[in-house]
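Student: The following block contains the structure, expressed as structure tokens.
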Amino acid sequence: MNSKIKIELSKELEIIFQMDLLKSVSQTEYQIFNLLEKPKDTSFGQMALPVFGLSKALKLSPNEIAKQVMSYLVFKKNEGMFSYIEEIIAISGFINFKYKSKYLTDELMTFISHEPIGFKPEKKNKKLVIDYSSPNVAKPMSVGHLRATVIGQALRNLAEAQGFEVIGLNHLGDWGVQFGKLAWAFQEWQTEYDFKKEPFKALFDMYVRFHDEAEKDPVLNEKGAETFIKLEKGDPEITKLWKMFVEISMKEYQRLWDRLGVKHDLVRGESFYSDKLEDAIQRVEDKGILELSEGAYVVNVGEDMPPCLIKKSDGASLYATRDIASAIYRKEVLGSDLNLYVVGVDQTLHFKQVFKTLELMDLDWAKDCHHISFGMYRFKDLGKMSTRKGRAIFLEDVLNKSVELVKEIIAVKNPSLANKDLVAEQVGIGAVIFNDLVNDRVRDVDFDWNKILDFEGDSGPYIQYTSVRCLSVIEKFDGQKVSNYSAQNLQSISFEKEELDLICMLLGYENTLSLAFEKFKPSIVANFLLDLAKSYNSFYNKHRILGIDDENLSARRVLLTEHTQKILSAGLGVLNIQVPIKM
């Protein structure tokens, strides 16, 4: 159900919680809003208020509380929001509200009249900076980068849908002693690699070789460190090589981002903050929180975690220093109101230390910095995955494998399908993205091809197929004719249960986007889309849409089909998943 309906009902219910019976457990409108939920059995209604939590305080059974509250509501049934309620049912500790179909259809027509579909986000005059994907230069993106990439892009899309101005930041790993090692290796071995034909492969192969050689001859590490010092001092030749490494890597990453539909607005790699570190350290010191400990400088961030290391004994900066400088830049230069870091759960302690340091620096905006952590992948069958040296599962291998498997399915199920390669790309890439985002981001994700590409299960292809089914219905009815039907047609005939269920699902889209952004969890959108697809398919399988005598009834059902497709498409778009026209 959409936010407007929940808000109005919450306001009315708040009055009830001021009554003598319930005064000891008085609930605010906000608390009631969060309690209201969709009933498991929609035959009882479209909204339910659980009263289990009040039972202990009032020393009454949930059913008794529900009955007493309902007795008050009966007298109010023709007033305010309750005038739109057809029936109030108390059962099993829930108060269920069944809305009049006219009210629901009026709300649906208002809802779907806006563009983009569902509602127009009001400009918040607030800026969100979000850091996501951020691979390390000269290294291929592994499947581990997939989570940071797709979660970050989905959150970016959600923020834009909420009216934020968004800056997508690529905090590229482009600095450190490894670049000294790579520059030394290039100067020594460049003629042995084909940098014209496959520059990125040559770069990575050289990187791997250096580390293999250094295990046999540790002197190479010293040479790499010496070369990095030259880079830090601005040596023209080494700087030129470093820029070349970054350029080669960015072209490779951009190719993969394009396949995933991912975009960044700014590249602000670690190197960008090199000239900002001393200022950041000085600002920490000026607050009197910088302490000397065993030759290094640290900030004591509390007894529940280790000190935050700001500067090593040799004077070198660390990740924390760069992230403090980065946070200051994002606030003071980019003007962020909200600052998100989409980084794995293994960096939780690091960000706690950084944010606490910002707080101890008396920066009141530290509370607006959030670590958007996520779990790891668990692989059911590594044997089906392409690995190199057993060290990593590369992202491109995963995407290619998914597309190949979809092509095999198409060859069996729909060999005459037009644009097979395009559809295979849309479905294959979409399946991988959805498999990630349908899971609560804080949990680990099972990577199982059978589940990912199950066209009848809880998968991306299932939702894409439902969208395609909707388009087929609209096309057969005559899409031009649907637009001639209005709210009048939606109310002309009594509604079947599956139709009302579908309308309520459609009305839930706006609230779903708001909740997903509030909790920074795209999984809320993904699971809503699954429920919407299931609701439509239940409606589709139980009721004829085309080929019936009553054209108004047929048009009404096609109208519901059309708006189901629009919201499925819009929701998949939020998740950065393309929608095929045919499958």
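The values are calculated or read from the model by the stated rules, or taken from the named source; none is laboratory data. Given the structure is predicted, the values throughout are model-derived calculations rather than measurements. For neighbour counting, all protein chains shown are included, and Cβ atoms are generated from backbone atoms with ideal geometry for every residue, glycine included. These area figures cover heavy atoms from the full protein model, side chains too; ligands, DNA and RNA do not enter into them. Shrake-Rupley method; radii C 1.70, N 1.55, O 1.52, S 1.80 Å.
Student: Of the residues that sit in segment 38-59 and are open to solvent by less than 50 Å² (accessible area, probe 1.4 Å), at pLDDT below 80 and aliphatic (A, V, I, L, M), which one is farthest from residue 503 (Cα to Cα)?
Tutor: So the residue we want is 58.
Student: Hey, does segment 500-513 have a residue that's more than 25 Å from the chain's Cα centre (by Cα) and over 30 Å from residue 441 (Cα atoms)?
Tutor: Checked against the condition, which is being more than 25 Å from the chain's Cα centre (by Cα) and over 30 Å from residue 441 (Cα atoms), segment 500-513 yields at least one hit.
Student: Would segment 141-150 turn up any residue that is in contact with a Ser or Thr (Cβ under 6 Å, 6 or more places away or on another chain), buried (at least 22 other Cβ atoms within 10 Å of the Cβ) and touching a residue at least 24 places away in the same chain (Cβ under 8 Å)? Give the derivation first.
Tutor: Start the filter on segment 141-150 by keeping residues that are in contact with a Ser or Thr (Cβ under 6 Å, 6 or more places away or on another chain), which leaves 148-149.
From the residues that got through so far, the ones that are buried (at least 22 other Cβ atoms within 10 Å of the Cβ) too are 149.
Restricting the remaining residues to those that are touching a residue at least 24 places away in the same chain (Cβ under 8 Å) gives 149.
Yes: segment 141-150 contains one or more residues that are in contact with a Ser or Thr (Cβ under 6 Å, 6 or more places away or on another chain), buried (at least 22 other Cβ atoms within 10 Å of the Cβ) and touching a residue at least 24 places away in the same chain (Cβ under 8 Å).
Student: Return the pair list, or none, for Cβ contacts closer than 7 Å from residues in segment 322-339 that are at pLDDT 95 or above to residues that are among the small types (Gly, Ala, Ser), at least 6 apart or on different chains.
Tutor: Taking only residues 6 or more apart or on different chains, the pairs are 324/280; 325/280; 328/280; 330/336; 339/327.
Student: Which residue is most open to solvent (accessible area, probe 1.4 Å), if the candidates are limited to segment 398-434 and must be outside any helix (DSSP H, G or I) and in contact (Cβ under 8 Å) with a residue 12 or more places away in the chain?
Tutor: Checked segment 398-434; the qualifying residue most open to solvent (accessible area, probe 1.4 Å) is 419.
Student: Residue by residue through segment 64-92, note down the ones that are touching a strand residue (DSSP E or B) at 6+ places or on another chain (Cβ under 7 Å) and more than 18 Å from residue 15 (Cα to Cα).
Tutor: Across segment 64-92, the qualifying residues are 86, 87, 89.
Student: Here's a follow-up. If a residue must be closer than 15 Å to residue 326 by Cβ and either of a type in the set (Asp, Glu) or part of a helix (DSSP H, G or I) (or both), how many such residues does segment 266-308 contain?
Tutor: Initially, segment 266-308 is screened for residues closer than 15 Å to residue 326 by Cβ, giving 266-281, 283-284, 308.
From the residues that got through so far, the ones that are either of a type in the set (Asp, Glu) or part of a helix (DSSP H, G or I) (or both) too are 270-281, 283-284.
Residues meeting the conditions: 14.
Student: Which of the residues that make up segment 555-582 are surrounded by fewer than 21 Cβ atoms within 10 Å (Cβ to Cβ) and polar (S, T, N, Q)?
Tutor: Within segment 555-582, 569, 578 qualify.
Student: Out of all the residues in segment 449-492, which are modelled with pLDDT of 90 or more, aromatic (Phe, Trp, Tyr) and either open to solvent by less than 50 Å² (accessible area, probe 1.4 Å) or not in a helix (DSSP H, G or I) (or both)?
Tutor: 462
Student: Quick one: what pairs do we get from segment 265-280, first residue in contact (Cβ under 8 Å) with a residue 12 or more places away in the chain, second of a type outside the set (Gly, Ala, Ser) and in a helix (DSSP H, G or I), C-beta under 6 Å, 6+ apart or different chains?
Tutor: 270/322; 273/322; 277/321; 280/324
Student: Six or more apart or on different chains, Cβ under 7 Å: which pairs go from a residue in segment 516-537 that's in contact (Cβ under 8 Å) with a residue 60 or more places away in the chain and open to solvent by 10 Å² or more (accessible area, probe 1.4 Å) to one that's assigned to a helix (DSSP H, G or I) and of a type in the set (S, T, N, Q)? Could you list them?
Tutor: As it stands, the answer is 537/466, since those pairs meet every condition given.
Student: Take the residues in segment 24-37 that are assigned to a loop (DSSP other than H, G, I, E, B) and either crowded, with 16+ Cβ neighbours inside 10 Å or touching a helix residue (DSSP H, G or I) at 6+ places or on another chain (Cβ under 7 Å) (or both); name whichever of them is modelled with the highest pLDDT. First the steps, then the outcome.
Tutor: Residues of segment 24-37 assigned to a loop (DSSP other than H, G, I, E, B): 26-28, 36.
Filter once more, so that each one left must be either crowded, with 16+ Cβ neighbours inside 10 Å or touching a helix residue (DSSP H, G or I) at 6+ places or on another chain (Cβ under 7 Å) (or both): 27-28, 36.
Values: 27: 62, 28: 66, 36: 83.
Ranking the qualifying residues of segment 24-37, first place goes to 36.
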